[in-house]
Amino acid sequence: MRHVLAAAALLAGATVASAQPETVRWYKGNTHTHTLNSDGDSTPDDVVRWYRSHGYQFLVLTDHNFLTSVDGLNALHGADEKFLVVKGEEVTDAVAGKSLHINGLDVANRVAPQGGTSVVDALQRNVDAIRRENGVPHINHPNFRWSITREELQQVRNNRLLEIFNGHPQTNNEGGGGMPGLEEVWDAILSNGTLLYGIAVDDAHVFKDPGNPDVAGPGRGWIVVRAPRLESRALLAAVERGDFYASTGVELSDYTASNTRMTVAVKPTAFSKYRIQFVGRGGRVLREAADVSASYDFRGDEGYVRARVLESNGRMAWCQPSMVRPAPASSGSMVFIALLAVAGCCGARMTRR
Ligand SMILES: [Zn+2]
Ligand SMILES: [Zn+2]
């Protein structure tokens, strides 16, 4: 069962004492970054230096249709349990005038854009090609050029990750003009019973113009992953089972979900105040706490439960959803919770779609 850990200090990179046999740590990373190998403005070396010196533990380099070797970078900058560069690619495709960008994290070989007869067909073909190269796909910035609708995202199979925040200034995270924002899209897909985990990324291209909000600079969105060690397969397995939160500046000190309850606690900063919201089917707020920690006990009829933290200066953290189902008649009044996890989970009640 994921998220079943004793409450403990869960600072990025900090060791967590838990009842689990395995020591679990939290690692901060960015899974979407560009360099001079596509349309970024800096060398891979300079890009890696930026993240290593700004408190990250891992970085995935994802140039457009280019797989940058990371062996030399890790020889220079990698350090056990301190920093890791993971190879990756932003498979960059176009169908019917739509921009389709799908990241392949830790792909074994470069994946050429696959094309297709429709947006859904091309997305699926690219996701499948990334899986064939043993990579983990994530679908990027659906609202960039308003390219991918909720209905189209809903139809893609074997993809578990969706960007719900992208730091590039043209990715339209909030929606507008009648188009839904990415969190609204995420809630609609979850409400339909399809499990997707939401990630926040930089999509950084520009490292030579710091502080300019009109360029795609670094440090805007990231994930914090709970994993047994700082190694690419361990990190990605944790991400694909939803053992992480996404953030634009809120750090959590505790985040657990059992089969009956979700608990979130913020590591507060001096001048901020916080709201913690638990969200269910249709994006409905099930509970809001004006506090730095809160719990929610599942009733069984929520469809799913996820949590988000709103900070008083606009920063956010997003926890991952647990799918919640009513008890089958044979189970009496017990609440039946189906955690639709992908891998690495145990428990007879796990199901998958
Ligand atoms: Zn892109
Ligand atoms: Zn990109």
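How do the peptides 252-259, 281-288 rank, highest first, by the average count of neighbouring beta carbon atoms within 10 Å per residue?
Taking the mean over residues of other Cβ atoms within 10 Å, the ranking is 252-259, 281-288.
Give the lysines whose C-alpha is closer than 28 Å to that of residue 28, dropping any in the same chain fewer than 8 places away, or say none.
82, 87, 208, 267, 273
Treating each Cα of the chain as an identical point scatterer and ignoring solvent, apply the Debye formula and state log10 I(q)/I(0) at q = 0.12 Å⁻¹.
-0.84
Share of Cα-Cα pairs in segment 247-296 beyond 16 Å, in percent?
43 percent
Counting helices only, and only those DSSP H runs with n ≥ 4, report the 222 nm mean residue ellipticity of the chain as the sum of -39,500 (n - 2.57) divided by its residues, in deg cm²/dmol to the nearest 500.
It lands at -4500 deg cm²/dmol.
Cross-link partners among aspartates and glutamates for residue 98, C-alpha distance below 13 Å, same-chain residues fewer than 8 apart left out?
Within reach: 121, 152.
Dimensions of segment 109-184 along principal axes (Cα, Å, largest first)?
The principal-axis extents, from largest down, are 37, 25, 19 Å.
Using alpha carbon centroids, what distance separates segment 260-284 and segment 188-232, in Å?
19 Å
No lab work stands behind these numbers, since they all come straight from the coordinates. Because the structure is a prediction, the values reported are computed rather than measured. Don't worry about glycine lacking a Cβ; one is built from the backbone with ideal geometry, like all the others, and counts go over all protein chains shown.
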